[in-house]
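Novice: Provided herewith is a single structure, encoded as structure tokens, for subsequent inquiry.
Each reported figure results from applying straightforward, stated rules to the coordinates on display, with no laboratory input. Keep in mind it's a predicted model, so treat the numbers as computed, not measured. Note that each Cβ is placed from the backbone with ideal geometry, even for glycine, and that neighbours are counted across all protein chains shown.
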Amino acid sequence: MTRFLTVARAKVPREAVSEYLSTLGELQASVQARGGHCWVFQRAGGMGDFLEFVETAGSDPSAIEQTSRERELVGRLRSLASYQADAAEPWEEVALSARPGASSRSRP
């Protein structure tokens, strides 16, 4: 099973931060219910800049937003914050031990 990650940078107006975080909490609960993870980080000092991480496992990237409830929550987040164009682009895990020519020996 492959793990997928979406990473999104969100700019949230001060008046929407509470609803934004509440919505992310709902998304986190839904993603965790199906075995995934969801994290959010805020730029030190506040200012409404956030990084969102959603990790899921599956056979293809569509597993990232699998349920209709999660699609609804993501839509609500998009209405509360501004995102970069590639915010929903999936990233696929790379198994570092499987790299061709990789060695387990440490370098001096």
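Novice: To the nearest 0.05, how large is the calculated FRET efficiency for residue 92 and residue 51 if R₀ is 22 Å and r is the Cβ-Cβ distance? Before the final figure, lay out each step's value.
Specialist: Working: r = 19 Å, r/R0 = 0.86.
Once rounded, the FRET efficiency stands at 0.70.
Novice: Any chance you could give the angle, 0 to 90 degrees and rounded to 10, that helix 17-33 forms with the longest Cα principal axis of the chain?
Specialist: Orientation of helix 17-33: about 40 degrees from the principal axis.
Novice: Ignoring everything except DSSP H segments at least 4 long, calculate the 222 nm mean residue ellipticity for the chain; use -39,500 (n - 2.57) per segment, divide by total residues, nearest 500. Don't skip to the end; give the middle numbers.
Specialist: Numbers: 2 runs with 30 residues, N = 108.
After summing the helix terms and dividing by the residues of the chain, the value is -9000 deg cm²/dmol.
Novice: Work out the FRET efficiency for residue 26 and residue 82 from their Cβ-Cβ distance, taking R0 = 22 Å, and round it to the nearest 0.05. Walk me through the intermediate numbers first.
Specialist: On the way: r = 20 Å, r/R0 = 0.91.
For residue 26 and residue 82, the calculated efficiency is 0.65.
Novice: So, one more: Taking 8 Å as the Cα distance limit and 6 or more residues as the minimum spacing, I'd like the relative contact order of the chain as a percentage. Intermediate values should be presented prior to the final figure.
Specialist: On the way: 163 pairs, mean separation 45.0, N = 108.
Reported relative contact order: 42 percent.
Novice: Another question about this same structure. Can you list residues whose amide H is under 5 Å from residue 57's amide H, if they're 5+ apart or on another chain and H is modeled 1.01 Å from N?
Specialist: Residues meeting the amide H criterion: 4.
Novice: To the nearest 10 degrees, how steep is helix 68-80 against the longest Cα principal axis of the chain, on a 0 to 90 scale?
Specialist: Approximately 60 degrees, to the nearest 10.
Novice: Now, a different point. With N set to the residue count of the chain, report its C-alpha Rg divided by 2.2 N^0.38 Å to two decimal places. If you can, show how the numbers build up before the last one.
Specialist: Values: Rg = 16.4 Å, N = 108, 2.2 N^0.38 = 13.0 Å.
The value comes to 1.26.
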